[in-house]
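The values are calculated or read from the model by the stated rules, or taken from the named source; none is laboratory data. None of these values were measured; they are calculated from a predicted model. FYI the Cβ positions are ideal-geometry reconstructions off the backbone, even for glycines, and counts take in every protein chain you see. Accessible surface areas use protein heavy atoms only, side chains included; no ligands, DNA or RNA. Shrake-Rupley method; radii C 1.70, N 1.55, O 1.52, S 1.80 Å.
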Amino acid sequence: MDRSIGLLVCLVGILPMGAFVRTKRDTTGNLLNTEVHSVPAQRWSMQVPAEVSAAAGEAAVLPCTFTHPHRHYDGPLTAIWRAGEAYAGPQVFRCEAARGSELCQTALSLHGRFRLLGNPRRNDLSLRVEHLALADDGRYFCRVEFAGDVHDRYESRHGIRLRVTAAPRIVNLSVLPGPTHAFRALCTAEGEPLPALDWSGPALGNGSAAVPGPGQGHGHQVTAELSALAHDGRYTCTASNSLGRAEASVYLFRFHGASAAPALALPLCALGLKALLLLGVLAARAAARRRLEHPVAPDTPRPQAQESNYENLSQMRPRNLPAAMCVP
């Protein structure tokens, strides 16, 4: 009996973790037909990095690998990537692989910029995102689905944070009317990290701090207001972050007149000149129309008066003379 116990201890000492021993005994108490059964060591899991960083305009790779409880699976499968929120966020990519096929046919690629790099048959769902924009900044979640049991699917819960970086870019610069016939300026820029805005101009010096305006810190954009443009000249907005800087300028020139009358005289004179030119054009058109409607006939020779002389006059006689005529 002591020998049997010693043999059992020896066998247990060389078994791997997660295994158990089933034994049979004969009538004499000897150990017979020992069987070793392995407990499944793999479960559903996802392996993703916490964050991936890339510059706007370039490409980024989102790594994702997984494990599943099946020893071998060659049935239909679907690979999915979501944005924003796990389980409920909008899909940006989806592909489907038929039974026994290692080709995952793309069924959805948002704007055609998402492409699968990994092979789902080899537990790899890595994704490539082309032509990054600041709007792509956010969190992404990978998911795999096997056909059959509802439990044969798994999705990363925390996802990957894709951080898109960009040098500053000024997207809007405008001058607006302010109170008491004054003017104010607004400057909006975008970038990641969020850029700082400064104004410079007449009587402002260089690097004057800007007053936050509407939309301050909204997403990747920031807006700053210059509340009063007190002098004519050039006003420049500068946006800067750790990746670079950008600037844009506006020019302010106001009309300075002695009174309101001279200021109105110039536009009124210009208006009068335009009116005269218009009247002249209309008169010329009317004259041309009259010529077309009433054409002038060519000159015809006038009948010439017949010359008369004395002889002709002396030969003329009255046709009906009276029979008796007194001649002195």
- request: Please work out which residue is most open to solvent (accessible area, probe 1.4 Å), limiting yourself to the stretch 145-167 and to residues that are without any contact (Cβ under 8 Å) to a residue 12 or more places away in the chain and out of contact with any Lys or Arg (no Cβ under 9 Å at 6 or more places or on another chain).
  value: HIS151
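Working carefully through the options LEU134, LEU125, LEU117, find the one that is within 18 Å of GLN47 (Cβ to Cβ), open to solvent by less than 50 Å² (accessible area, probe 1.4 Å) and not basic (Lys, Arg).
Numbers: LEU134 fails: within 18 Å of GLN47 (Cβ to Cβ); LEU117 fails: open to solvent by less than 50 Å² (accessible area, probe 1.4 Å).
Step by step, each of LEU134, LEU125, LEU117 is checked, and only LEU125 is within 18 Å of GLN47 (Cβ to Cβ), open to solvent by less than 50 Å² (accessible area, probe 1.4 Å) and not basic (Lys, Arg).
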task: Give the residues of the stretch 168-207 that are of a type in the set (S, T, N, Q) and surrounded by 13 or more Cβ atoms within 10 Å (Cβ to Cβ), sorted by residue number.
output: ASN172, THR188, SER200
- prompt: Counting just the residues of the stretch 128-158 that are under 14 Å from SER53 (Cα atoms) and part of a loop (DSSP other than H, G, I, E, B), which one comes out nearest to the chain's Cα centre (by Cα)?
  reply: ALA133
- prompt: Do you know which residues across the stretch 58-106 are of a type in the set (S, T, N, Q) and at pLDDT 95 or above?
  reply: THR65, THR78, GLN91, GLN105, THR106
The stretch 101-114, residues that are in a loop (DSSP other than H, G, I, E, B) and open to solvent by 60 Å² or more (accessible area, probe 1.4 Å): GLU102, LEU103
task: Report, by residue number, each residue of the stretch 43-68 that is part of a strand (DSSP E or B), among the small types (Gly, Ala, Ser) and either open to solvent by less than 50 Å² (accessible area, probe 1.4 Å) or without any contact (Cβ under 8 Å) to a residue 12 or more places away in the chain (or both).
output: SER45, ALA54, ALA55, ALA60
task: Tell me, yes or no, whether the stretch 189-198 has at least one residue that is in contact with a Pro (Cβ under 8 Å, 6 or more places away or on another chain), among the charged types (D, E, K, R) and modelled with pLDDT of 90 or more.
output: yes
- prompt: Do you know which residues across the stretch 77-91 are outside any strand (DSSP E or B), open to solvent by 10 Å² or more (accessible area, probe 1.4 Å) and either in contact with a strand residue (DSSP E or B) (Cβ under 7 Å, 6 or more places away or on another chain) or of a type in the set (A, V, I, L, M) (or both)?
  reply: GLY84, ALA86, TYR87, ALA88, PRO90
